[in-house]
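To start, the structure under review is shown below, and the notes come after it.
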Amino acid sequence: MSSLTSAQNKPSPTPAINLNNIHLNLSSDAGIVHILRGINLEINAGECIGVVGPSGSGKTSMLMVLAGLEAPTTGTVTIAGRDLTGLDEDQLALFRRENVGIVFQNYHLVPTMSALENVAVPLEFAGRSDAFERAREHLETVGLGHRLEHYPGQLSGGEQQRVALARAFAVEPAILLADEPTGNLDQETGTIIMDLLFSLQEKHDTTMVLVTHEATLAERCSRLVTLGDGNVIT
C-alpha cells in the first residue's frame, strides 16, 4: 500500500472541541432572547483560537457553553472526547476540574486566601498530595515567587491575573478558556500578561479559546473565529 493510500485511510483525529448546532435561548422580561443561533465549530487539540465579534454577538455565551457553565437549549457539546449533554451539575464540576482551565476578566480569586492557597485549592480538589508544592512552582513560573502569602487585595491587577493564570494551568487542563483576560489591565500590563498566556499555552500544548475585542491579540492565535448575531460568520 502506498504512503498516499495509507494517509487517506488514516482516521482523522477527534477534535478537542466540537459544537454541533448549538442554540441558546434565555428568558427575559421582553420574552425569549436567542443568544446563540446554531453554532457549529470544531477545534483540534493544541489549537489556539481567537474569538472576535461585536458586543452582543455571543462570544462569552459560547465560552460559557464550552465550560459547561451554561447548558445549550439544543445541540451537542463535546469537549476532550466527552459529550456534556445530560451531565448534572456535579458531573460537570468534576469534568471542569479534570479538563478545563478558565481565566476571567475579573480574576475570580478567593479574597480570603493567599496567592498560594488560591492556586493550591484546585490541586487539592484534584487529590494532589503535593498541591502546595506545585502551586508554589506555578506561581514562580509566572514571576510571583515573592508574593506567595499575599492576598488578592494586596496585589495589583496584573499580579492577580498572574495568579489566575497559575491557577488555570496548575492542573494541566486539556482546554484553556480565556474571556477578555486583559480587559481590566492597562496596555503595558496587558501585553505582559498575554505574552505569558501564549507562552504557557505553547509550553503545555494546551487547546486554547481566547475571547477578545482586541484584534492584535486575536491575530496572535493560530485561527480566528468571528461571531455575529449568535452564529459563526467566519
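A short reminder: the numbers here are calculations on the coordinates, not readings from a lab. Computed from a predicted model, the values in this text were never measured in an experiment. Ideal geometry is used to build each Cβ from the backbone, glycine not excepted, and the neighbour counts take in all protein chains shown.
Some observations on this one:
- Cβ-defined net charge surrounding residue 223, 13 Å radius [Lys, Arg +1; Asp, Glu -1]: -2
- Förster-model FRET efficiency, 41 Å R0, residue 198 and residue 27, C-beta, rounded to 0.05: 0.60
- Counting DSSP beta bridges with both ends in the chain, the antiparallel % (nearest 5): 55 percent
- Between segment 96-168 and segment 30-58, the Cα center-to-center distance that results, in Å: 28 Å
- Computed E for residue 234/residue 137 - FRET, C-beta separation, R0 41 angstrom, nearest 0.05: 0.55
- Once divided by 2.2 N^0.38 Å, the Cα radius of gyration of segment 105-231 becomes 1.07.
- The mean of 1/r over all distinct Cα pairs in segment 184-234, once inverted, gives the Kirkwood hydrodynamic radius of 12.3 Å.
- Acute angle (nearest 10 degrees) that the helix 131-141 long axis makes with the longest principal axis of the chain, alpha-carbon atoms: 90 degrees
- Residue 42 versus residue 121: modelled label distance in nm, points set 7 Å from Cα along the beta carbon direction: 3.8 nm
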